[in-house]
Amino acid sequence: METYIWETVEEINLNLAQRLSNIRKRRKITQKELSIRTGVSYGSIRHFELTGNISLISLTKFALELGCVNEIRDLFSQVPYLSIEEVFNENR
């Protein structure tokens, strides 16, 4: 079974950045405040919200500060098997 993705990697990342930016704004936290709270530079936060590019460690810091750490923790935790072979391979 093939999965077709109709978005580019850049579009997926930018969409994620926009969702986190919306959460930040909803919680009334400025980019500068988020920078102070997380230790991630203000420039990195601005760059992330504009481009979607960020390190995984910084993304996790944002999620923790914005109260979304469970969403990061649960990534890839319920990925369905694509074949019976995957079931057998998982335990090797």
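Can you give the FRET efficiency to the nearest 0.05 for residue 72 and residue 25, using r as the Cβ-Cβ distance and R₀ = 22 Å? Computed FRET efficiency for residue 72 and residue 25 comes out at 0.70. Each residue of the stretch 45-54 was assigned a 3J(HN,Hα) from its phi angle through the Karplus curve 6.51 cos²θ - 1.76 cosθ + 1.60 (θ = phi - 60°); the sequence is 5, 4, 4, 4, 5, 8, 10, x, 9, 6 Hz, with glycine and proline shown as x.
Accessible surface comparison of 21, 41, probe 1.4 Å, protein chains only, largest first: the order is 41, 21. In the chain, the calculated helix contribution to ellipticity at 222 nm averages -18500 deg cm²/dmol per residue, counting -39,500 (n - 2.57) for every DSSP H run with n ≥ 4.
Just the number, please: carbon plus sulfur as a percent of the accessible area of the chain, 1.4 Å probe, no ligands or DNA/RNA counted. Present the calculation step by step, with values, prior to reporting the outcome.
Numbers: 4070 of 7320 Å².
The value for the chain is 56 percent carbon and sulfur by accessible area.
If you run the Gaussian network model on the chain, springs between alpha carbon atoms under 10 Å, then out of 79, 69, 40 the most flexible one is 79. Summed over the residues of the chain and divided among them, the accessible surface reaches 80 Å² per residue at a probe radius of 1.4 Å.
Here's the picture: charge each Lys and Arg Cβ at +1 and each Asp and Glu Cβ at -1 in the chain, and of 12, 39, 69 the one pushed furthest to the positive end of that dipole is 39.
By the gyration tensor of its Cα atoms, with a ≥ b ≥ c the square roots of the eigenvalues, what is the shape of the stretch 40-91: rounded for a/c under 1.5, prolate for a/b over b/c, or oblate?
Details: a/c = 3.92, a/b = 2.55, b/c = 1.53.
Prolate shape, in that a/c is at least 1.5 and a/b is the bigger ratio.
For the stretch 13-58, what class follows from the C-alpha gyration tensor (a ≥ b ≥ c being the square roots of its eigenvalues): rounded when a/c is under 1.5, otherwise prolate if a/b is larger than b/c, else oblate? Intermediate values should be presented prior to the final figure.
Working: a/c = 1.82, a/b = 1.10, b/c = 1.66.
Oblate, since a/c reaches 1.5 and b/c is not below a/b.
The values are calculated or read from the model by the stated rules, or taken from the named source; none is laboratory data. Computed from a prediction, not measured in an experiment: that's the story for all the values here. Cβ coordinates were reconstructed from backbone atoms using ideal geometry, including for glycine residues, and neighbour counts include every protein chain displayed. Please note that ligands, DNA and RNA were not included when accessible areas were found on the heavy atoms of the full protein model with its side chains. Shrake-Rupley method; radii C 1.70, N 1.55, O 1.52, S 1.80 Å.
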